[in-house]
Amino acid sequence: MVEKRWSAPSVEHDRGDLFSTTPDKVDIDKNVLATFFITCDPRVTIDQAGVIIAAEQSVGTFTDVSTATDLSTKTAAKMYSYKYEDPSGSMKHSGWVKVAFPTFLLDMDNRGIPDLFTFVTGNWMGFTPIPNCKWIDFQLPKDVLKLFKGPKFGVEGLREIVGTKKSRRPHVGITIKPKMGVTDQGAAQQFYDAAMGGIDTFKDDETYHNQWCSPLLDRVAKVYEALDKAKSEGAHPEGDYMYAPEVTVDSERTLEVADKMIAHVNVNWISPVKVRTTLIGGEKKMLVWNDLEADEKLKIYDKGVDVKSQEGVYNLLVSYRSGDMWAPQVEQVEALRLELQYFVDCIKKNEKPFNDGRAGLKVVRMLEAANESLAKRGELVYV
């Protein structure tokens, strides 16, 4: 029971019996446990301050209310531990307080972290008797932790990619510098030089997103070309590189950016119908390559969607464009003969073919990822 030493403005703030308990009565699987460091008004002790926080952040309020019910009292947060900063206990207005918040009050499925933060850090931040309060730690129940899957790869996933699961050696990474004014080709050169020097991981700096001198999509393509070149020259034989481009954008554009880096591949080894079609949709035209066509293998369509805005994003005018189709003449050459001729030319000129063993490995990895995604009911699988 918390002893009352201060005249609180609300009946709830006096209810140490309602908003406080002991550690042995706190179920860690049903509560978020938060730790605060408090320096409060000298007329208020930290145990009283803990009661105020528990009340303000659950069913209490700054004044008396007549709408409180028995259900409200059953959903109260509770201060369950406190410790004075002064070991002697003579100064009782500064120290640590722990409060248990029932998880059933949280809407973690829909609101997640914002709901958690609002729940634990709200009204007390402007409460006069507690001018200084810092939220310094919290413990989440296992059921809540399951909602946060954490990093997609983690340390072990990163080791799988870069090939250090056996050696267990430390990873070495670099970041683009300077973070402003580096061209896309300059970034690729930096990463190539670093790759040849033994670097494992590469990332854009936090502001190096879509700068005028380094468009995001152009940079990503050139960086991967540079890293592939380093691999072909013998760098990093253990595994692949990890490159993390800066793709942070406004939430409304996240899917737009992601779509530009995603291709849809349909593969079926047992299909009774042979299909060898590639479709590329651009902003102005659409291109269809059908390798089974005898004459018109390549067709270009003037087809798409025009989006115009008159008064802002909420007044978009959408019109569908369907124009002509034309089939440019394509030299009729046996595909296998052309491929073998290219292979011979690369040997004669001592050049690296663009469709070398590493390119084939990438195709196999994409197919393996597709199978894994199917087995996991469509879960996103990174290649």
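The values are calculated or read from the model by the stated rules, or taken from the named source; none is laboratory data. Every value quoted in this text rests on a predicted model; they were computed, and no experiment measured them. Cβ coordinates were reconstructed from backbone atoms using ideal geometry, including for glycine residues, and neighbour counts include every protein chain displayed.
Cβ-Cβ distances below 9 Å connect the following pairs, each with a first residue in the stretch 68-82 that is under 16 Å from residue 106 (Cβ atoms), a second residue that is at pLDDT 70 or above and loosely packed, with under 15 Cβ neighbours inside 10 Å, and a separation of six or more residues or different chains: 75/104; 78/25.
When 143, 107 are screened for being in a loop (DSSP other than H, G, I, E, B) and closer than 24 Å to residue 54 by Cβ, only 107 passes. For the stretch 82-100, does any single residue satisfy the condition of being closer than 26 Å to residue 38 by Cβ, surrounded by 15 or more Cβ atoms within 10 Å (Cβ to Cβ), of a type in the set (A, V, I, L, M) and touching a Gly at 6+ places or on another chain (Cβ under 8 Å)? Yes, that holds for at least one residue. Among the conditions (1) under 14 Å from residue 241 (Cα atoms); (2) of a type outside the set (S, T, N, Q); (3) loosely packed, with under 13 Cβ neighbours inside 10 Å, residue 171 misses just one, which is (3).
Can you pull out the residues in the stretch 170-182 that are in a loop (DSSP other than H, G, I, E, B) and within 17 Å of residue 194 (Cβ to Cβ)?
170, 171, 172, 176, 177, 178, 179, 182
Quick check: anything in the stretch 301-323 among the aliphatic types (A, V, I, L, M), modelled with pLDDT of 85 or more and either within 41 Å of the chain's Cα centre (by Cα) or within 30 Å of residue 227 (Cβ to Cβ) (or both)? The answer is no, given that none of the residues of the stretch 301-323 is among the aliphatic types (A, V, I, L, M), modelled with pLDDT of 85 or more and either within 41 Å of the chain's Cα centre (by Cα) or within 30 Å of residue 227 (Cβ to Cβ) (or both). For first residues located in the stretch 222-248 and touching a residue at least 12 places away in the same chain (Cβ under 8 Å), partners that are buried (at least 19 other Cβ atoms within 10 Å of the Cβ) and in a loop (DSSP other than H, G, I, E, B) and lie 6+ apart or on another chain with Cβ distances below 6 Å form the pairs 227/241; 245/204; 246/204; 246/208. If you go through the stretch 163-181 and keep only what is charged (D, E, K, R) and within 29 Å of residue 215 (Cβ to Cβ), you end up with 177, 179. Scanning the stretch 211-252 for residues being in contact with a helix residue (DSSP H, G or I) (Cβ under 7 Å, 6 or more places away or on another chain) and part of a strand (DSSP E or B) gives a total of 3. Close contacts from the stretch 337-355, counting a first residue that is free of Cβ contacts under 8 Å to residues at least 12 places away in the same chain and a second that is of a type in the set (Gly, Ala, Ser) and in a helix (DSSP H, G or I), with Cβ to Cβ under 9 Å and a gap of 6+ residues or different chains, come to 353/359. State whether the residues of the stretch 119-130 include one that is assigned to a helix (DSSP H, G or I), modelled with pLDDT under 80 and closer than 15 Å to residue 47 by Cα. Yes - at least one qualifying residue is present in the stretch 119-130.
All conditions in (1) under 30 Å from residue 242 (Cα atoms); (2) modelled with pLDDT of 80 or more; (3) small (Gly, Ala, Ser) hold for residue 281, with the sole exception of (2).
Suppose we keep only residues that are touching a Lys or Arg at 6+ places or on another chain (Cβ under 6 Å) and not in a loop (DSSP other than H, G, I, E, B) within the stretch 186-210. Which one would you say is surrounded by the most Cβ atoms within 10 Å (Cβ to Cβ)?
187
Every residue, every condition in (1) β-branched (Val, Ile, Thr); (2) in contact with a strand residue (DSSP E or B) (Cβ under 6 Å, 6 or more places away or on another chain); (3) at pLDDT below 75, yes or no:
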| residue | (1), (2), (3) |
| --- | --- |
| 48 | no, no, no |
| 65 | yes, no, yes |
| 77 | no, yes, no |
| 86 | no, no, no |
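Would you check if there is a residue in the stretch 12-32 being over 41 Å from the mean Cα position of the chain (by Cα), in a loop (DSSP other than H, G, I, E, B) and at pLDDT below 80? The answer is yes, given that some residue of the stretch 12-32 is over 41 Å from the mean Cα position of the chain (by Cα), in a loop (DSSP other than H, G, I, E, B) and at pLDDT below 80.
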